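Take a look at the structure set out below.
The values are calculated or read from the model by the stated rules, or taken from the named source; none is laboratory data. These numbers were taken from a predicted model, which means no experiment stands behind them. Here the Cβ positions follow ideal geometry from the backbone for every residue, glycine too, while neighbour counts run over all protein chains shown. The accessibility values were calculated without ligands, DNA or RNA, using every heavy atom of the protein model including side chains. Shrake-Rupley method; radii C 1.70, N 1.55, O 1.52, S 1.80 Å.
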Amino acid sequence: MAEAIETDVLIAGGGPFGLMLANELGRRNIRCLLVDPKPSTAFNPQANATQARTMEHFRRLGFANEIRAQGLPPHHPTDIAYLTRFSGTELARLRLPTAAAAPQAIKAMSGSWSAAELPHRVSQKFVEVCLRKHAEKFSSNDIRYGWKLESFTDTSLDKPLSDPNPHSPSQPIQAVIECVSDSNSNPTSHSEKIQVRAKYLIGADGARSSIRHHLQIPWGGATGFKRNFMGGKMLAVYLKAPQFYPRNPNDRAWMYVAVNPELRGFIMSVDGESEFAFHVQMSDDASTEALTAEDAKRLFSLAYGQHIDIEILSMATWLAGHALVAESFQKGHVFLGGDAVHLFTPTGGLGYNTAVEDAVNLGWKLASVLKGQAQPQLLNSYELERKPLAIRNTTYARQFADSIGLFDADTSLEAATPEGEHARSIASDYLNGHVRREFNIPGVTFGGRYDQSPLIVADGTQPPEDAANTYTPSACPGGRPPHAWLPDGSSLFDSFNFEWTLLVLGEAPADFSAFVNAAGKLKLDLKVVRHSSSDLAQLYEAKLVLIRPDQIVAWRGSDATEAQVVLNQACGASSN
């Protein structure tokens, strides 16, 4: 076996969670080895909606514009349309800004959509390429596709996480990785194995996580929901259909949902030209696993409403109807994130976006502990903060799935009769309501909070009510900072530090020197950002506001009297 690799963090899995975590750690110069058995990033489209909060995190890392340039052409509509068939009668539509229009459109929005970024419709396959490219720029990162985690042992399970000597060079994770394909994506003819010693192991290995199984961490929540749509077996087909747009009489959209008594399905444009991701609900008695390419073409023709030639690039089945969250997100020096700890029915597009925020949360905490700025107990807050959010988000996704999946398509929906016209009118009313319930979700996107976290310094105020379709900006500690555009046209978020930020607000700023001194003692990278605008002081309802590295309000107040106590609690330097 080749000479062992020593690293700080071993990440098993190169999807959005694993790659985002590699970016967070790489930016902080933490040694990281990422392995994934796939020859490269995803081939299939998979997730297709990047929510606005995720785009704000991409902006924080400096590549939101690069992501927004991926996927659909700049002026391609990002609408969601509901029709009897993809080329049939339109029943409902939500019109949304194009990628080209989004950066300017967001500057004119306020209230629920006061944000630095709008959502973006882009396939995960493009996002992963971008995340990988940036992760590989950091010299502390070693990104290896074509390698898998073969086995691991966590020797820390024999002793508590609060080891009295937590910053010793010991490597409690003892693992073996194996090369399964070469740089040309060919399976290897020999077995190359390398021992890895790491301080932490991250299970980013998806829904069937072998790491979670090894740790014997069960699922909680519910599954097996049966619905007319988005419940049970689904067929996914990645295909080329050059005639999809030319033969379609309806206005162009990003996503088309077919609603009729014969079948239910949806299709999303991958490249805005000829590549699409098609998903169709299968009946309970269908032999879904035995479906052939000809079956898939037949189902596509039924959904489209006429025959057009297609080329199938890949096809697979998947199971809708999940709202599952793992009972634990960590054990010893092993942490889990993404699909390894939460499984969604993809309504609302929340799974991949929740995974990105898992990585953002875990990244700064791992770095703080590895740099000796915080006690290892800080890492316990990862599960305390992220598990309730996973339960919240899977619950919202289930509600959206019920809203569309339990809707019955009337048997006369497509009939050219008065009964058919009446049925279409009823469907239109319902679906126009539904599309806004599922796709206009600023409350879900921006409203996630960590109110019960030991790291949040509460100020006695109550946050706004959590609601999917409305969001009330609030600087109540525990949530996303309220956003504003500055006079120079930049985002308030752009003025934040990558690590810790102390906002000093108002025309008569409070003395903040105690925070600077306290941060120095804790070796925290704290940037003081002054904004004299009275509007910002009113928005935040405070003169001083402490912002965490993951852009969460940790504390706010009128003076710096308790600066040392506040910073100790917020960064995990104390056991409060």
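Any residue in region 302-311 that is open to solvent by 10 Å² or more (accessible area, probe 1.4 Å), touching a residue at least 24 places away in the same chain (Cβ under 8 Å) and part of a helix (DSSP H, G or I)?
Scanning region 302-311 turns up at least one residue that is open to solvent by 10 Å² or more (accessible area, probe 1.4 Å), touching a residue at least 24 places away in the same chain (Cβ under 8 Å) and part of a helix (DSSP H, G or I).
Only one of (1) at pLDDT 95 or above; (2) open to solvent by 20 Å² or more (accessible area, probe 1.4 Å) is not met by D511, so which one is it?
(1)
Name, by its number, the condition in (1) hydrophobic (A, V, I, L, M, F, W, C); (2) out of contact with any Phe, Trp or Tyr (no Cβ under 8 Å at 6 or more places or on another chain); (3) outside any loop (DSSP other than H, G, I, E, B) that does not hold for V444.
(2)
When you go through (1) part of a loop (DSSP other than H, G, I, E, B); (2) of a type in the set (K, R); (3) open to solvent by 40 Å² or more (accessible area, probe 1.4 Å) one by one for R227, which number turns out not to apply?
R227 satisfies every listed condition except (3).
Quick one: which of A415, A409, A374 is without any contact (Cβ under 8 Å) to a residue 12 or more places away in the chain, over 14 Å from the mean Cα position of the chain (by Cα) and in a loop (DSSP other than H, G, I, E, B)?
A415
What strands (runs of 3 or more DSSP E), lying completely within region 7-106, carry at least 3 residues that are touching a His at 6+ places or on another chain (Cβ under 7 Å), open to solvent by less than 40 Å² (accessible area, probe 1.4 Å) and farther than 27 Å from P187 by Cα?
none
Against the condition at pLDDT 95 or above and crowded, with 21+ Cβ neighbours inside 10 Å, how does S495 come out, does it pass?
no
Determine whether region 278-285 contains at least one residue that is β-branched (V, I, T), buried (at least 20 other Cβ atoms within 10 Å of the Cβ), in contact (Cβ under 8 Å) with a residue 12 or more places away in the chain and in contact with a Lys or Arg (Cβ under 7 Å, 6 or more places away or on another chain).
no
Cβ-Cβ under 9 Å, sequence separation 6+ or interchain: first residue in region 557-572 and among the hydroxyl-bearing types (S, T, Y), partner part of a helix (DSSP H, G or I). Which pairs?
Final answer for the pair search is T561/A514.
Limited to region 432-448, what total is found for residues that are without any contact (Cβ under 8 Å) to a residue 40 or more places away in the chain and open to solvent by 40 Å² or more (accessible area, probe 1.4 Å)?
1
Assuming W318 fulfils every condition listed in (1) closer than 22 Å to G231 by Cα; (2) surrounded by fewer than 18 Cβ atoms within 10 Å (Cβ to Cβ); (3) in contact with a helix residue (DSSP H, G or I) (Cβ under 8 Å, 6 or more places away or on another chain) apart from one, which condition is it?
(3)
Could you please find all residues in region 385-431 being more than 15 Å from G231 (Cβ to Cβ), among the β-branched types (V, I, T) and either open to solvent by less than 30 Å² (accessible area, probe 1.4 Å) or out of contact with any Pro (no Cβ under 7 Å at 6 or more places or on another chain) (or both)?
Within region 385-431, I391, T395, T417, I426 meet the criteria.
What do you reckon, is A475 of a type in the set (A, V, I, L, M) and either assigned to a helix (DSSP H, G or I) or touching a residue at least 40 places away in the same chain (Cβ under 8 Å) (or both)?
So A475 fits the description; yes.
Select, from K233, K240, the only residue that is within 25 Å of F43 (Cα to Cα), open to solvent by 20 Å² or more (accessible area, probe 1.4 Å) and at pLDDT below 95.
Criteria check complete, one pass: K233.
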